[in-house]
1. Name the pairs: first residue in the stretch 676-697 and touching a residue at least 60 places away in the same chain (Cβ under 8 Å), second residue small (Gly, Ala, Ser) and surrounded by fewer than 13 Cβ atoms within 10 Å (Cβ to Cβ), Cβ to Cβ under 7 Å, at least 6 apart or on different chains?
2. Those residues that are of a type in the set (S, T, N, Q), more than 16 Å from the ligand (Cβ to nearest atom) and either in a loop (DSSP other than H, G, I, E, B) or buried (at least 17 other Cβ atoms within 10 Å of the Cβ) (or both), I need them from the stretch 70-114; list them, please.
3. Can you confirm whether the stretch 446-468 contains a residue that is part of a loop (DSSP other than H, G, I, E, B), at pLDDT 95 or above and crowded, with 24+ Cβ neighbours inside 10 Å?
4. Restricting the search to the stretch 179-223, which residues are among the β-branched types (Val, Ile, Thr) and either surrounded by fewer than 23 Cβ atoms within 10 Å (Cβ to Cβ) or under 30 Å from GLU361 (Cα atoms) (or both)?
5. Just one of LEU238, LEU231, LEU198 is more than 16 Å from the ligand (Cβ to nearest atom), assigned to a helix (DSSP H, G or I) and either closer than 19 Å to SER157 by Cβ or aromatic (Phe, Trp, Tyr) (or both); which is it?
6. Condition test on ASP567, is it within 16 Å of LYS396 (Cα to Cα), surrounded by fewer than 22 Cβ atoms within 10 Å (Cβ to Cβ) and either away from the ligand (no atom under 16 Å from the Cβ) or among the β-branched types (Val, Ile, Thr) (or both)?
7. Can you give me the number of residues within the stretch 543-591 that are out of contact with any helix residue (DSSP H, G or I) (no Cβ under 7 Å at 6 or more places or on another chain) and in a helix (DSSP H, G or I)?
8. Under 7 Å between Cβ atoms, at least 6 apart or on separate chains: pull out the pairs that start in the stretch 33-50 with a residue that is exposed (fewer than 14 other Cβ atoms within 10 Å of the Cβ) and end on any residue that is in a loop (DSSP other than H, G, I, E, B).
Amino acid sequence: MKRLISILAILSVLVGSAAPQMTQEEKEAMKFADKLIKKMTLREKFGQLEQFITRRGVVTGPGGVKCDIESAVRKGEVGSFLSIRDRNEALRLQKMAVEESRLGIPLIFGYDIIHGCKIIFPENLAMSCSWNLDAIERSARIAAEESAATAIHWTFSPMCDISFDPRWSRVSEGAGEDPYLGAKIAAAMVRGYQGDDLSAQNTIAACIKHFAAYGAAQAGKDYNTVDMSELMFRNLYLPPYRAAVDAGAVTVMSSFNDFKGVPASGNKWLLYDLLREELGFRGFVVSDWNAVHEMIIHGVAADGKDAAELALKAHLNMDMLGGDYIAYGEQLVKEGRISEKLVDELVREVLAVKYRLGLFEDPYRYGKQDLSKVYYLPENMEFAREVAAESMVLLKNEGVLPLQKGVKIALIGPFADAPKDQLGAWRGLGDEKRSITFRTALEERFGKENVLYTKACECGKYADKILEGGIEEAVKIAEQSDIVLLSMGLSGWHSGESRSRAEITIPAPQQALLDALKNTGKKIVVLLSTGRPLDIRNEVEKADAVLLTWHSGTMAGPAVADLVSGDKNPSGHLTMSFPCSVGQVPVHYNSKNTGRPPKSQFKAQGYSSSYVDIQNAPLFPFGHGLSYTEFEYSDLKVLTPTVELGGVVKVSVKVTNKGKVAGDDVAQLYVHDLVAETTRPVRELKGFERLSLKAGESKVVEFEIPTSELAYCHSDLSWKADKGDFHVWVGADSYASLKGKFTIK
Ligand code: GLC
């Protein structure tokens with residue numbers, strides 16, 4: 001059904017017809033909303049378009065000023081709250097709205113459940129490296145169950161922003177640099193949150209954010225300007241948003257940045273023409289935090305009233321915290337600057353989502369569950385451990401992993417025993433007391449007597465420093481051990497919003513620690529905690545192995561123990577390139593050939609699109625990930641050497657586990673459109689399959705690529721595939737060399 005909707009939406013672009021038909025459920029919700037709107041005063045209507053916050057007893061209402069939340073609720077001047085972490089508080093406010101306001105319209109509660117609610121899963125960029133769509137969907141499902149039981153009806157997730165820039169700390173919340181994989185992951189998360197029935201007690205509303213292209217903030221600076229061609233936007237940034245709309249997400253969040261010169265929250269082309277008319281979105285749009293009011297600071301609104309007018313006319317339904325809708329909405333209508341018809345449309349879409357959540361039928365439906373039967377279920381904790389192990393990426397291994405039984409380990413560094421840091425940013429309702437750290441899990445796996453531990457240095461908000469005697473203690477325990485497991489990287493504080501960094505190297509105190517340990521002559525395994533790609537040339541050169549542990553959540557510790565012990569075989573593959581240097585940024589696999597590609601991507605050179613001081617290629621490419629076994633790709637067959645437009649390209653490949661241990665790999669298929677109407681990426685991911693193979697086992701993987709998946713935005717903005725020749729590769733990363741060719745006729 002969903003694919004039919006998206007095909008109709010695409011056709012509607014071509015033939016200009018209306019958005020696809022509404023479902024029966026949507027029609028019923030809209031009908032209910034229309035009836036209710038007839039009873040509402042204009043002020044009550046604007047109340048439904050306001051979202052407030054109550055935090056630490058301080059309440060923020062219109063324009064970020066303190067206001068009397070309870071009177072606003074009783075007067076129906078607020079329709080939603082965000083970030084209410086306590087179920088009783090949510091139910092108290094809900095009761096007040098339903099029983100003490102004139103029309104008893106229920107509130108909708110939203111929160112940032114980004115990678116887990118109570119059980120915290122790996123940060124989203126980490127989880128994308130599992131390439132396991134079922135696991136990603138399941139993580140969202142579990143997060144929805146724990147959220148719904150806490151009277152959280154709505155999450156501000158999935159974050160669908162593609163980004164090529166590790167200076168931008170919010171890459172930790174996304175799915176990396178590829179639109180095809182990003183689209184699959186976005187749809188999986190929407191399905192996980194919303195399930196098949198939004199009114200069920202264990203499903204919640206999803207929110208596609210940040211619309212749009214927030215990940216392209218110039219210079220990697222959060223909130224910065226975004227400016228790009230519509231071609232680039234449609235080819236590289238739009239697909240995940242579109243996929244999440246097609247998956248049925250019922251809300252969208254407008255982004256902080258401007259786009260085509262207009263801040264997203266006041267951008268009618270973005271929020272109405274594209275999102276609604278072209279993509280067929282029919283839910284409601286909430287602004288990001290105070291983003292309506294910030295249009296004054298952007299310089300496109302003279303005051304809050306102007307900002308409200310701009311946002312309302314852009315069809316932005318709900319103002320998060322700004323308060324300008326409730327402050328000026330009635331005046332704007334009375335002055336004829338906004339029609340009440342438009343207001344009714346905006347309110348209708350909000351009420352319809354509340355209706356579909358079942359909040360009118362039973363406003364207290366979310367929050368009745370016995371929390372002990374929902375939170376931290378053992379099977380969910382075990383799953384969190386599995387998905388954390390699948391998310392970790394073995395970047396380098398020169399014969400040191402897995403560790404042998406009985407080995408004596410020196411476990412050193414800032415994140416080895418860091419229950420809060422391993423949760424990353426956007427920790428939802430996560431409880432660090434439930435975290436199992438690397439140290440705890442390694443002591444359990446290898447025996448407490450075989451794990452010597454010292455923290456040695458700090459890495460936090462602004463505290464990168466060696467602890468008193470830290471290096472000496474680290475060297476001492478290293479000398480008493482067989483091997484060093486050195487935790488390095490960035491803390492969880494460095495992930496997520498407003499943590500942009502101009503430098504993406506690991507802070508110097510940790511590098512001094514690495515040098516001191518290198519001098520002991522002991523083998524070193526770096527356990528790399530980070531929420532973004534880093535320039536780790538130094539660490540890769542000096543370490544014998546590097547395991548990218550990310551910020552992998554509540555069960556990060558057992559996952560590390562499973563991998564370093566060999567109980568599990570690493571299977572993660574990078575979804576975002578690791579640059580050699582921040583000077584390469586943006587560096588991504590799906591780049592263009594240019595008219596002067598370098599002779600080698602791996603050598604500094606001149607007279608080509610390259611550098612004279614370093615190579616073009618990243619340190620580790622998109623798709624990279626090692627294993628304790630070896631996978632061989634062979635017998636690539638293009639089963640359909642020529643395909644009609646509208647047909648399906650079929651390619652098969654044989655994958656063999658040549659090693660001595662079982663393992664999972666991710667077979668990836670890339671194409672290159674050799675002669676196109678516009679310049680096209682030298683490689684584009686168009687298929688992948690995660691597969692498990694026993695030692696010596698082979699499997700033939702067959703890929704089917706509808707030619708519609710080879711469509712791209714042409715210079716006239718039409719979305720279609722070309723006839724002509726394509727190269728195709730299949731392998732374990734974006735350097736895949738096994739090659740074939742097909743032609744679309
Ligand atoms: C923040 C973030 C957004 C989040 C919202 C509510 O500023 O940009 O991702 O959902 O505010 O916390």
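1. What qualifies is THR678/SER715.
2. Passing the criteria: GLN94, SER101.
3. Checked the stretch 446-468: at least one residue is part of a loop (DSSP other than H, G, I, E, B), at pLDDT 95 or above and crowded, with 24+ Cβ neighbours inside 10 Å.
4. Across the stretch 179-223, the qualifying residues are VAL190, THR203, ILE204, ILE208.
5. LEU238
6. Considered against the rule, which asks whether it is within 16 Å of LYS396 (Cα to Cα), surrounded by fewer than 22 Cβ atoms within 10 Å (Cβ to Cβ) and either away from the ligand (no atom under 16 Å from the Cβ) or among the β-branched types (Val, Ile, Thr) (or both), ASP567 comes out as no.
7. 4
8. Every condition considered, the pairs that remain are LYS39/LEU103; ARG43/GLU77.
The values are calculated or read from the model by the stated rules, or taken from the named source; none is laboratory data. Because the structure is predicted, anything quoted here is derived from the model rather than measured. Cβ: placed from backbone, ideal geometry, glycine included. Neighbour counts: every protein chain shown.
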